[in-house]
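Single-structure report; data block below.
The values are calculated or read from the model by the stated rules, or taken from the named source; none is laboratory data. As the structure is a prediction and not an experimental result, all values here were calculated from the model. Ideal geometry is used to build each Cβ from the backbone, glycine not excepted, and the neighbour counts take in all protein chains shown.
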Amino acid sequence: MRKKYLLAPGPTPVPESALLAMAQPIIHHRTPQFSEVFRETAELLKYVFQTRQDVLILAASGTGAMEGSVTNLFSPGDEVITVNGGKFGERWTKISEAYGLKAHEIKVEWGKAVDTREVTRLLDANPKIKGVMVQASETSTTAAHPVKEIAELTKGRDCLLIVDGITAVGVFDLSMDDCGIDVLVSGSQKAFMLPPGLAFAALSERAWKFQETAKCPRFYFDFKKERKNLKDNTTAYTPAVSLITGLREALKLIKEEGLENVFKRHDRLARATRAATAALGLKALAPESPSNAATGVFVPEGVDGGKLVKYLRDEVGVTMAGGQDHLKGKILRIAHLGYVDTFDIIIAIASIEMAFNKFGHKVRYGKGVGAAQEILSEGYK
Ligand SMILES: *Cc1c(COP(=O)(O)O)cnc(C)c1O
């Protein structure tokens, strides 16, 4: 027997109460029983999104909510800024172009945060720009973009701020209403501690106004239709009943812990992981603006990152993520979001130390673990 541990930036581990809720016999979705589950879930979602707005619940992976944000708010030919600092930023550009928008893409070096002066420059030079699309946490590089600063730039203009908060909502403070975010999207398999299959989107009043005149083709992801159904505690099409039943339990856990404490936990785990990897002499991928969702580090010279990730997963039983595109085989991403706590970090770091020694990169056992413990212990009286 070999116990398995999931420490990838999505899907993330699912707590027992959510698993048990999802194991219940399926109920019909057009019933008062399901409507009550849905109502409670939708209410709890507002708390986690830190908004007074409705949070739409879609049966899709996170990308569905990204695509819906583009098609429901813009028209072909509209000009937008897309921040491409990794795989997910690139996706904003691809979706925009697929629907005939004109994307002014800001290419950001992987691991870096976007320079807000570049956003200002583009907005000033192109007054017709109607939207800025960015990741709050670019999971592929583990960097966080300065969403609050960008919101200061879009607030005073006729321009929406659309934020992919897929590994940010429920990880760090990103109060939608207070910051002035116009669209915030997320997905179930990250900090929401659920299997993949649900996408979420919340829109500001300003965004709903854009929706009225947007002409991009759309059918399944019709936000207006979903909002109307949400008022009746249902969805336009068959909802993912079991996932929503699980979501209610996962959201209850977040509410019980309190968002403030959820953010503190993620911060502590992220700092411990950074300290541990630094103690092991690993170079951080996003040292200046790291996200609290995951920590990316370069693997040491002479170690094949692809083989390392595979060894950790198949032999040691610990699933972490490697790199994509030009970082393939070069980095390791240790996730610390969702249903994770102190000893998940110990497992991650201890397994890395063991794998390094196996791969001929000699490290003293406990060097990284000890550095992590110094910070992790802050979580206990
Ligand atoms: C996981 C993730 C997505 C969504 O990917 P799906 O596979 O469609 O769920 C989008 N953006 C970020 C930042 C992510 O981490």
Original post:
Is it the case that the stretch 74-84 has a residue that's at pLDDT 95 or above, in contact with a Lys or Arg (Cβ under 8 Å, 6 or more places away or on another chain) and within 27 Å of D232 (Cα to Cα)?
Top reply: yes
Original post:
In this structure, does V241 turn out to be modelled with pLDDT of 95 or more and under 21 Å from A371 (Cβ atoms)?
Top reply: no
Subject >> K148 assigned to a loop (DSSP other than H, G, I, E, B), of a type in the set (K, R) and more than 16 Å from the ligand (Cβ to nearest atom) >> reply: no
Subject >> Those residues of the stretch 348-381 which are surrounded by fewer than 19 Cβ atoms within 10 Å (Cβ to Cβ) and of a type in the set (V, I, T), in sequence order >> reply: V363
Subject >> Positions within the stretch 73-106 being more than 20 Å from A136 (Cα to Cα) and within 15 Å of the ligand (Cβ to nearest atom), in sequence order >> reply: A98
Subject >> Every pair of residues 6+ apart whose Cβ atoms lie under 6 Å, when the first sits in the stretch 149-177 and is among the polar types (S, T, N, Q) while the second is more than 16 Å from the ligand (Cβ to nearest atom) and assigned to a loop (DSSP other than H, G, I, E, B) >> reply: S175/Q50
**OP:** Return a yes/no flag: does the stretch 39-57 have any residue that is part of a loop (DSSP other than H, G, I, E, B) and within 16 Å of the ligand (Cβ to nearest atom).
**Re:** no
**OP:** Give the residues of the stretch 107-145 that are assigned to a strand (DSSP E or B), under 21 Å from S75 (Cα atoms) and out of contact with any Leu (no Cβ under 6 Å at 6 or more places or on another chain), sorted by residue number.
**Re:** M133, V134
**OP:** With the condition kept exactly as written, say whether any residue in the stretch 345-366 is within 21 Å of the chain's Cα centre (by Cα), part of a loop (DSSP other than H, G, I, E, B) and not hydroxyl-bearing (S, T, Y).
**Re:** no
Original post:
Just to be sure, is V70 within 15 Å of the ligand (Cβ to nearest atom) and buried (at least 19 other Cβ atoms within 10 Å of the Cβ)?
Top reply: yes
Original post:
Would you call V80 touching a residue at least 12 places away in the same chain (Cβ under 8 Å), in contact with a strand residue (DSSP E or B) (Cβ under 6 Å, 6 or more places away or on another chain), of a type in the set (A, V, I, L, M, F, W, C) and more than 24 Å from R333 (Cα to Cα)?
Top reply: yes
Subject >> Qualifying helices (runs of 4 or more DSSP H) (wholly inside the stretch 187-302; at least 1 residues being small (G, A, S) and more than 16 Å from the ligand (Cβ to nearest atom)) >> reply: 205-213, 241-257, 259-279
**OP:** Determine, yes or no, whether A276 is of a type in the set (A, V, I, L, M), more than 23 Å from P196 (Cβ to Cβ), under 20 Å from the mean Cα position of the chain (by Cα) and buried (at least 17 other Cβ atoms within 10 Å of the Cβ).
**Re:** no
